[in-house]
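Only one structure is covered here, and it is reproduced in the block below.
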There are 2 protein chains.
Amino acid sequence: MVEKRTPVAVKEAIERVMKRVKQLPPETVSLHEAYGRILAEPVLATHAVPPFDRSPYDGFAVRSKDTEGASGESRISFQVVDHIGAGAVSSRTIGAFEAVRIMTGAPIPAGADAVVMLEQTVQNGNTFTIRKPFEPLENVSLKGEDAKKGETIVEAGTFIQPGVIAVLATFGYAEVRVARRPVVGLLATGTELVDVSEPLAPGKIRNSNGPMIAAQLARMGIACRLLGSLPDDEDACFELVQKAVEECDAVMTTGGVSVGDFDFLPAVYARLGAEVLFNKVQMRPGSVTTVAHLNNTFLFGLSGNPSACFVGFELFARPALFSMMGSGKPYLPYEKALLAVDLTKPNPFNRFIRAVYTSTPSGARVAPAGFNKSNSVTSIARGNAFIVLPGGTRGFQKGDEVDVLLIGAEEGVPAWVLN
Amino acid sequence: MVEKRTPVAVKEAIERVMKRVKQLPPETVSLHEAYGRILAEPVLATHAVPPFDRSPYDGFAVRSKDTEGASGESRISFQVVDHIGAGAVSSRTIGAFEAVRIMTGAPIPAGADAVVMLEQTVQNGNTFTIRKPFEPLENVSLKGEDAKKGETIVEAGTFIQPGVIAVLATFGYAEVRVARRPVVGLLATGTELVDVSEPLAPGKIRNSNGPMIAAQLARMGIACRLLGSLPDDEDACFELVQKAVEECDAVMTTGGVSVGDFDFLPAVYARLGAEVLFNKVQMRPGSVTTVAHLNNTFLFGLSGNPSACFVGFELFARPALFSMMGSGKPYLPYEKALLAVDLTKPNPFNRFIRAVYTSTPSGARVAPAGFNKSNSVTSIARGNAFIVLPGGTRGFQKGDEVDVLLIGAEEGVPAWVLN
């Protein structure tokens, strides 16, 4: 008898996974290792930014009241009494019609309340003239205008991109509290698989899912433990998976989750006592994708078909792993685009078609990346997106507006916006 | 006298840089190190995909002609004569009303030309019945339907994302020819700078541009050589920059390119005999960005202001470095979005405002990421995009459609689409 499985909606399947995510504990890394990690704690301003009133330009610090009435016909002259670079502090207090030569970033000297830009002066030896009045605080960056001391600058759960690095450096965070990365184990299944460096034999194909998943994890900054291949024997499978669950936060398998005679994983899940969150999803490709959960470890049973394996990882494993790291934006970014071709074949399930998305000032377009079958390996090498077609009986025509999910963005979005 | 500089348009400035790019020579890496690199050679199909006619499902291989006339009322029965898993090959040639139990991915046995899915059968011991006829080649993945032997699957210049890894693995590329990564040196300038772990002193700020640029490079997979700080002395500057040019494919400096008294870089460029491509750009922030070129080495003179430094890197250094690696998609991706706030202040130069871009089924919106001045460091920690406002006298209102460039995409786009 063939086991009867009840397909769940994609959105429901994602929710079942995400509801069971437990955040991993934080760890400390040095600032130069922090790029690509996820903040475990908010970044607070340890001091005001700017830390003092400073000049945003190269020029001359003056008293604004001395500039009153300046014009092209009636230029006002100033005497330069000191000369300071960024990082230096003038000991002079500026008096009437005095000025201090000041560099970008240097503190405003005592007495001064405006900066005349170099370009706004005519210089002559130790004096210069101006042709316009300056307001109090004109060309002055005020202490704290960018950030106040104690203010939260970046929230916990934020992906540490280069701008976050800049802020961490500014506030003296030589070390950063980040989420620990999940330990992910990878088990290949399938006696038809040979390694990349092995020659093909009749009936064999090379294992492409393993290296692909390792790269999908690398893209998330996560290392992958290669745990070998599942043997075509249920007892041996059970022992290998049991050990993997003990060692890992997530165990990925490819293949073996279908209803075929050599698909031992459903039986292994049962023997382990794992909670099977779903074993059939209303999507193509990847409908056989199975996710189980045991002692805070996820078992991602991905399809053995390359395209289906890829989709299953991006839709279920990726947000779960990001969420384990505390990310507030674990989902693939959404776009809307006009379909560049007809896709007339109706399908009862949601379809995720590997696609090339392009956006220019004249609009956003999307087209399938190539040969579109779940066992296609060439189409996944092309393209940067999925076209998502809702399940139903109607097909889609060129020019129709369709949903698109982008693959390969550095940081995702906070919500799954599709049904 | 203040040096008079002629600002060039952003597009023109980018073109001047890109025209001088020379592609770096290729090198060989192993497949497991290839993620994130750029292909130096196209990936050719070393064999057909599928390499043989195979079953895309678990089921039974049959002769389609034996299924003619099957219906719910008149089921046709088949005898199972062999049983093969993926990777195995049946030695049997199928005869009339015979079937071979076949797994997903297994070769179609001799004589068979269709696959009955498991779900389409009622099984009884060693026999099963079907209730519908099957077309010739129904549920058969034909040899070469995904790719023909010798076909170009992925072009040279493509970013090696996980799907490319899958294709490389499929075709047995245990080693991959990729572009060498550029050697990039980083020189900080500014006597006001203290290191991240040092305490602040009056007039000092911490060096945030150095760690930020290192992370911007890390995002591109490029390591950064920290070459120290430029001293506030022209001769010492000259020697340090000269040495850096000899060792590096690109030298980044932050600060020191303005027209202030301590800005030695223009003089250093002149003494080196470097071709200054531009020293003023029609953009805010980052108008002082300077790019020079000498013996195939780029000198990126970025602003010392964090926001301006960030923009200068993304607009000029990033595409140049990607192009040196042969990337066909070196530019930031473009989007269009509705402005979520008023930005009424007109500016004669193009503005690049650090922004938060969000796209949902109800449309795309963009809003400034925070405090918007060139010396702001907090706004660059937030957001995933630039709002690009064309230079001119008019301001922009909430609801206006504006240009957006996305930051942090894995792979860019082939062209700079803005003026």
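Read-outs: derived from the displayed coordinates by stated rules, not from any lab. What you are looking at is a predicted structure, and each value in this text was computed from that prediction instead of being measured. Counting neighbours? That spans all protein chains shown, and the Cβs are built from the backbone with ideal geometry, glycine included.
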## Note on the structure
Using alpha carbon centers only, segment B:168-199 is separated from segment B:302-374 by a whole-angstrom value of 22 Å
### Task
Would you mind giving the average projected area, over all directions, of the Cα convex hull of segment B:67-156 in nm² with one decimal?
7.3 nm²
#### Entry: Cα coordinate range in segment A:262-356, projected on the principal axes (Å, largest first)
48, 36, 20
## Note on the structure
Diffing segment A:115-123: the Karplus 3J(HN,Hα) column from phi (6.51, -1.76, 1.60, θ = phi - 60°), in whole Hz with x for Gly and Pro, holds 10, 8, 5, 3, 5, 9, 10, 10, 9
### Query
Along segment B:161-173, what does the Karplus equation 6.51 cos²θ - 1.76 cosθ + 1.60 (θ = phi - 60°) give for ³J(HN,Hα), rounded to whole Hz, x for Gly and Pro?
8, x, x, 5, 4, 4, 5, 4, 5, 3, 8, x, 7
### Task
Quick one: with label points 7 Å out along Cα→Cβ, list the inter-copy distances for A:VAL122 in nm, shortest first?
10.5
### Message
Whole angstrom only: what separates the Cα centroid of segment B:204-247 from the Cα centroid of segment A:49-90?
### Response
30 Å
### Summary
Chain B to chain A by rotation: the residue of B with the beta carbon nearest the axis and the rounded distance in Å are B:ALA409, 3
### Query
Hey, if you put +1 on the Cβ of every Lys and Arg and -1 on every Asp and Glu Cβ in segment A:112-262, which of A:GLY256, A:GLY228, A:ALA166 ends up farthest toward the positive end of that dipole?
A:ALA166
### Message
Please list, ordered by chain and number, the residues whose modelled amide H lies under 5 Å from the amide H of A:ASP403; skip anything fewer than 5 residues away on the same chain.
### Response
A:VAL388
### Query
Dipole of the protein assembly as shown (Lys/Arg Cβ +1, Asp/Glu Cβ -1, origin at the Cα centre): which of A:VAL10, A:ALA112, B:ILE380 lies farthest to the positive side?
A:VAL10
### With Cα atoms, 0 to 90° folded angle of helix A:234-247 axis to chain A main axis
20 degrees
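Placing unit charges on C-beta atoms (Lys and Arg positive, Asp and Glu negative, everything else neutral), compute the dipole magnitude of segment A:334-406 about its Cα centre in debye, rounded to 20.
Taking the Cα centre of segment A:334-406 as origin, the dipole is about 220 debye.
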### Query
Per the Debye formula with a single identical scatterer at each Cα and no solvent contribution, what log10 I(q)/I(0) holds for chain B at q = 0.09, 0.13 Å⁻¹?
-0.69, -1.06
### Query
If each residue's Cβ is checked for other Cβ atoms within 10 Å, how do B:THR254, A:THR46, A:THR6 rank with the fewest at the top?
A:THR6, A:THR46, B:THR254
### Average projected area [Cα convex hull, segment B:334-406], square nanometres
4.5 nm²
### Task
For B:ASN384, enumerate residues with amide H under 5 Å from its amide H, sequence gap 5+ or separate chain, H modeled in the peptide plane.
B:ALA355, B:VAL356, B:TYR357
### Query
Tell me, what ³J(HN,Hα) does each residue in segment A:180-194 have, in order and in whole Hz, if you take phi through Karplus 6.51 cos²θ - 1.76 cosθ + 1.60 with θ = phi - 60° and put x for Gly and Pro?
5, 7, x, 8, 10, x, 10, 10, 8, 10, x, 6, 7, 8, 10
### Message
Among DSSP bridges having both ends in the protein assembly as shown, what percentage is antiparallel? Round to the nearest 5.
### Response
70 percent
### Query
When only DSSP loop residues count, what trypsin sites (Lys or Arg not before Pro) in segment A:142-202 have their Cβ near at most 13 other Cβ atoms within 10 Å?
A:LYS148
### Summary
Non-local residues with an amide H under 5 Å from the amide H of A:THR189, with H modelled 1.01 Å from N and Pro and chain starts lacking one, are A:LEU230, A:THR254
#### Entry: Net dipole in debye of the protein assembly as shown [+1 Lys, Arg Cβ; -1 Asp, Glu Cβ; about Cα centre; nearest 20]
1320 debye
### Query
Could you work out the helix-only [θ] at 222 nm for chain A, with each DSSP H run of four or more residues adding -39,500 (n - 2.57) and the total divided by the number of residues, to the nearest 500 deg cm²/dmol?
-4500 deg cm²/dmol
## Note on the structure
Taking the dipole of segment A:116-161 about the Cα centre (Lys, Arg +1; Asp, Glu -1; charges at Cβ), the one of A:GLY125, A:ALA156, A:LEU137 that reaches farthest to the positive side is A:GLY125
### Query
How big is the shadow of the Cα convex hull of the protein assembly as shown, averaged over all directions, in nm²?
36.3 nm²
### Task
Output the antiparallel fraction of DSSP beta bridges having both residues in chain B, as a percent to the nearest 5.
70 percent
### Query
Scanning chain B for GluC sites (Glu not before Pro) in DSSP loops with at most 13 other Cβ atoms within 10 Å, what's the longest stretch left with none?
B:156-419
